Amino acid sequence: MTKTQVGFIGLGIMGRGMALNLLKAGFPLTIYARNPQKVQDIVAAGALLVNSSREVAEKSEITITIVPDSPEVLEVILGQNGALEGAQPGSIIIDMSTINPATSRNVAEHCNAKGVHFMDAPVSGGSIGAQTGTLAIMAGGDASVFQRALPIFQAMGRAEAIYHVGVVGSGEVVKIVNNVMGAIITAACGEALAMGVKAGVEVEKIAEIVTNSSGSNWQLANAFPRNVFSGAFKPGFFTELMYKDVGLALQLAEQVGTPATMAQLARGMFESAIAAGYGRDDYTSVVRPVEAAAGVELRAKS
């Protein structure tokens with residue numbers, strides 16, 4: 001059976017692993033990068049490197065984009081030499097960035113006018129999930145288009161965490177909800193742990209007990225041991241990107257008329273982490289200004 005021709009634009013900390021997993025799954029892959037030298041490993045793995053987003057779409061049945069924010073999405077899809085210029089009627093463009101749902105709907109309108117299908121399909125799982133092909137994927141768009149794209153999603157994500165959410169923009173809504181929850185929980189864990197450590201209890205003991213109690217959460221069980229307790233803060237997801245995503249949540253809350261008190265507080269904490277120089281470190285660096293203010297570090301002794 002002939003594999004779908006796939007294109008990929010946005011080969012950064014997330015896109016690199018995703019693209020390599022598509023190649024591992026046997027999909028013919030065409031890529032574009034502003035700095036070709038940074039993607040030579042992907043070329044060596046079998047990808048065809050071309051000179052523009054337009055060329056990617058010209059050669060692809062399904063074109064994937066994953067870039068930092070709405071302006072970049074508009075540029076690589078709708079801009080000069082963008083993917084939509086090269087996309088053929090009936091082909092699919094899937095944006096896997098985390099952006100404002102309104103931007104996704106705007107791009108979809110332009111694609112539909114040319115007979116090109118569009119889906120928003122943001123992901124969760126960070127760089128580790130991208131590398132291991134275990135991302136959670138939440139897709140918005142027509143159900144029939146989702147079914148066409150499903151084998152592509154399965155090459156990048158785990159089967160039980162690939163969701164068709166609803167119409168275009170729905171995937172972005174769920175991703176924003178997910179990330180603002182993660183941001184609030186991470187910031188709250190940092191404050192609570194600092195309090196406990198300052199009061200004289202070792203952070204490992206607090207984490208062990210809380211993980212087996214009502215305060216248990218994914219951030220404490222996974223992200224904190226990997227980055228905070230170790231002191232590594234190796235970016236799986238940049239602090240500056242989490243700050244951006246909390247901003248998207250504030251925009252969405254304003255648009256739909258819901259309170260966002262906790263999101264406001266969390267965004268201020270992430271802003272402090274960026275001001276302290278941690279913008280390109282892992283998002284768990286939100287705890288570092290808390291540590292500085294408390295005069296403690298949340299490092300495990302073991």
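The values are calculated or read from the model by the stated rules, or taken from the named source; none is laboratory data. Source: prediction; values computed, not measured. Reconstructed Cβ throughout: ideal geometry from the backbone, glycine too, with neighbour counts over all protein chains shown.
Quick check: is even one residue across segment 183-206 surrounded by 21 or more Cβ atoms within 10 Å (Cβ to Cβ) and farther than 20 Å from Ala292 by Cβ?
No, segment 183-206 contains no residue that is surrounded by 21 or more Cβ atoms within 10 Å (Cβ to Cβ) and farther than 20 Å from Ala292 by Cβ.
Taking the options Val67, Val56, Val76, Val43, name whichever one is within 20 Å of the chain's Cα centre (by Cα), in a helix (DSSP H, G or I) and at negative phi.
Checking each option against the conditions leaves just Val76.
Kindly evaluate Ser52 against the criterion of being among the hydroxyl-bearing types (Ser, Thr, Tyr) and within 16 Å of Gly7 (Cβ to Cβ).
So Ser52 fits the description; yes.
Could you check Gln255 against (1) in contact (Cβ under 8 Å) with a residue 12 or more places away in the chain; (2) surrounded by 13 or more Cβ atoms within 10 Å (Cβ to Cβ) and say which number it fails?
Only one criterion in (1) in contact (Cβ under 8 Å) with a residue 12 or more places away in the chain; (2) surrounded by 13 or more Cβ atoms within 10 Å (Cβ to Cβ) is unmet by Gln255, namely (2).
Hey, any hits in segment 256-263 for a residue that's in contact with a Leu (Cβ under 9 Å, 6 or more places away or on another chain) and hydroxyl-bearing (Ser, Thr, Tyr)?
Within segment 256-263 (the criterion being in contact with a Leu (Cβ under 9 Å, 6 or more places away or on another chain) and hydroxyl-bearing (Ser, Thr, Tyr)), the answer is yes, since at least one residue qualifies.
Contact list please: Cβ distance under 7 Å, first residue in segment 22-49 and under 27 Å from Arg158 (Cβ atoms), second residue in a loop (DSSP other than H, G, I, E, B) and modelled with pLDDT under 95, pairs at least six apart or on different chains.
Gly26/Lys3; Phe27/Lys3; Pro28/Lys3
Would you please name the residue that is surrounded by the fewest Cβ atoms within 10 Å (Cβ to Cβ), looking only at residues in segment 1-18 that are more than 20 Å from Asn81 (Cβ to Cβ) and modelled with pLDDT of 95 or more?
Thr4
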